[in-house]
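Scroll down for the structure; my scribbles are underneath it.
The values are calculated or read from the model by the stated rules, or taken from the named source; none is laboratory data. It should be emphasised that the depicted structure is a prediction, and the values quoted were computed from it without experimental measurement. All Cβ positions, even for glycine, are placed from backbone atoms using ideal geometry, and neighbour counts span all protein chains on display. Quick note on the areas: whole protein, heavy atoms, side chains included, nothing else; ligands and nucleic acids left out. Shrake-Rupley method; radii C 1.70, N 1.55, O 1.52, S 1.80 Å.
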Amino acid sequence: MSNTIVTYIGFGIGAVNTLFLYTKFMQPENYGLVQVVLSVSAVLMPILAFGIPNSLVKFYSSFNENRAQDGFLTMMLLLPLVLIVPIALLSFFANEAIGSLLARENPVVRDYVWHIFLIGLAMAYFEVFYAWVRVRMKSVFGNFMKEIFCRVCQSILLVLFVFDYIEIEFFINAVVVSYLLRMLIMKFYAYRLHMPKLIWNIPGNWRDIVKYSALIILGGSTAIVLMEIDKVMLNNFLPIANVAYYGVAGFIAVSIAVPARAMHQITYPMTAEYLNRNDVFSLKGLYQKSSLTLFIISGLLFLLIILNLNDLYKLMPDGYAGGFFIVFWIGLAKVFDALLGNNNSILYNSDYYCSILFFGVLLALMAIGLNLWLIPTYGLNGAAIASFSAFFVYNCLKLYYVKLKFQISPFTRETVKVFSLLLVLGAIFYYLQFSFHPILNIALKSALLVLMYTFILYRFKISEDVNGVLSKFLKK
């Protein structure tokens, strides 16, 4: 519950930053530059991390003796250097070439190669130390640092920027420092829980650990590439202000995924337990319930966003108002993600994760190819269509794979009912317009939509879980 609350608070701070502070008080060109630096850093992060965060969680419990654990932790601390050192040397000796590649369309990006590397490095080792504390069952502070710390730092920097105390160069330098500081705080917290002893004792299963880490690099890179590559590639085809416009629209759409992130913290360990017991019946039940619940929530959020988007854009500067189709396509991809329920947990906790990881790399390449084709032709909308297409193919593959290997599907008759309900309510409220202030329009339409939606769900008992929550609420 604490992690869920922290996640929502972090998202709320991010919403204030993205929808109001950045858009109101920073020029789109400057905000686009910030977006490019952070997006390229995010793409670099899983490579620099070398898959260690996942490996640490997976293998730590298999070492029972203190000396064996310390030897394993020593390996986990040093293994990322296998890629960090050569990439750092490459950044040093090929700085001009890398800068020219990033700055093909926007020369301003040329001077930020080291900023990108340092943020990527800080993100990578933060995840290592976060995994370090998670194996000690102490995740709340780490989640706070992950979801809130840097966003609060950016809020403070934005206020300083608004009052002309700092310029954009200082702002980006300070963002780099905030990520490095977050990494160091996480390191000290992790060491306070368990101070490592550097023991040069390579675990006997080191080959399995390295193999798993390398595969996770592929998996982590796939997920990040599918999320961030559109912004990175927009920088190479369009003026940098467009990255800001796309980033804001993308943030609005990605808000649909917040409930899924919270629920996966609950369903992930349950999925692992059912797979370990080979309890396919319980696994199927969890698969269908998580799919239906997340579809109900994400479908409602999608309608609330799409139906209120024009009023929301009236509260922002004019340049950001052309993102309707971006929100639509990326939002639709997030709804499809939610419809899969705990599909990812099933695959990553099963013996079939290798196939999915390798196939994910092919899909990441497909996303890059689609962006190369669609951005020059359709601009920002092309990037959104490319992202949706890549996620659509990837999710269809995962659905088919789970069906093939486990003979289970997330869809039920209730799924069709919810889909029909969303279509009908969407059509009704699309034509319901108010002529008041945009904030009042959003509040009125949202309240009416939520009331009608929840009443129909409760009246026809479409979901046991949702009805249970509503019944408790009504009793209170």
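Looking only at residues of region 216-275 that are open to solvent by less than 30 Å² (accessible area, probe 1.4 Å), among the polar types (S, T, N, Q) and under 30 Å from residue 107 (Cβ atoms), we find that the one that is farthest from the chain's Cα centre (by Cα) is 235.
Residues are listed down the side, and each one gets a yes or a no for (1) at pLDDT below 80; (2) in contact with a helix residue (DSSP H, G or I) (Cβ under 9 Å, 6 or more places away or on another chain); (3) under 19 Å from residue 134 (Cβ atoms):
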| site | (1), (2), (3) |
| --- | --- |
| 189 | no, yes, yes |
| 207 | no, no, no |
| 210 | no, yes, no |
| 224 | yes, yes, no |
| 228 | no, yes, no |
| 237 | no, yes, no |
| 242 | no, yes, no |
| 248 | no, yes, no |
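The set of residues in region 66-124 that are at pLDDT below 90, assigned to a helix (DSSP H, G or I) and among the small types (Gly, Ala, Ser) comprises 68, 71, 91, 97, 99, 100.
When residues in region 392-408 are screened for being in a loop (DSSP other than H, G, I, E, B) and either within 25 Å of the chain's Cα centre (by Cα) or at positive phi (or both), 1 of them pass.
Filter region 249-264 down to residues that are small (Gly, Ala, Ser) and touching a Gly at 6+ places or on another chain (Cβ under 8 Å) and give me whichever is nearest to residue 342 (Cα to Cα). Quick ask: steps written out before the conclusion?
At the first step, the residues of region 249-264 found to be small (Gly, Ala, Ser) are 249-250, 253, 255, 257, 260, 262.
Next, only the ones that are touching a Gly at 6+ places or on another chain (Cβ under 8 Å) stay: 249, 253.
Numbers: 249: 26, 253: 20 Å.
Looking at residues that are small (Gly, Ala, Ser) and touching a Gly at 6+ places or on another chain (Cβ under 8 Å), I get 253.
The lone criterion from (1) closer than 18 Å to residue 183 by Cα; (2) open to solvent by 30 Å² or more (accessible area, probe 1.4 Å); (3) touching a Phe, Trp or Tyr at 6+ places or on another chain (Cβ under 8 Å); (4) not hydrophobic (A, V, I, L, M, F, W, C) left unmet by residue 58 is number (1). Here is the figure for region 323-374: residues that are assigned to a loop (DSSP other than H, G, I, E, B) and either among the aliphatic types (A, V, I, L, M) or under 30 Å from residue 236 (Cβ atoms) (or both) total 2. Total residues in region 409-453 satisfying the condition of being over 30 Å from residue 349 (Cα atoms), in a helix (DSSP H, G or I) and either open to solvent by less than 40 Å² (accessible area, probe 1.4 Å) or touching a helix residue (DSSP H, G or I) at 6+ places or on another chain (Cβ under 6 Å) (or both): the figure is 12.
Going by what's in this entry, would residue 216 be described as under 30 Å from residue 375 (Cα atoms), β-branched (Val, Ile, Thr) and touching a Ser or Thr at 6+ places or on another chain (Cβ under 9 Å)?
On the way: under 30 Å from residue 375 (Cα atoms): yes; β-branched (Val, Ile, Thr): yes; touching a Ser or Thr at 6+ places or on another chain (Cβ under 9 Å): yes.
Answer is yes for this residue.
From 103, 97, grab the single residue that is open to solvent by less than 50 Å² (accessible area, probe 1.4 Å) and among the aliphatic types (A, V, I, L, M). Even if it seems obvious, please write down each step before you answer.
Values: 97 fails: open to solvent by less than 50 Å² (accessible area, probe 1.4 Å).
None of the other options fit; the residue is 103.
What number of residues within region 388-408 are free of Cβ contacts under 8 Å to residues at least 24 places away in the same chain and surrounded by 15 or more Cβ atoms within 10 Å (Cβ to Cβ)?
First, the residues of region 388-408 that are free of Cβ contacts under 8 Å to residues at least 24 places away in the same chain: 389, 396, 400, 403-404.
Filter again for surrounded by 15 or more Cβ atoms within 10 Å (Cβ to Cβ), leaving 389.
Going through region 388-408 one residue at a time, the tally reaches 1.
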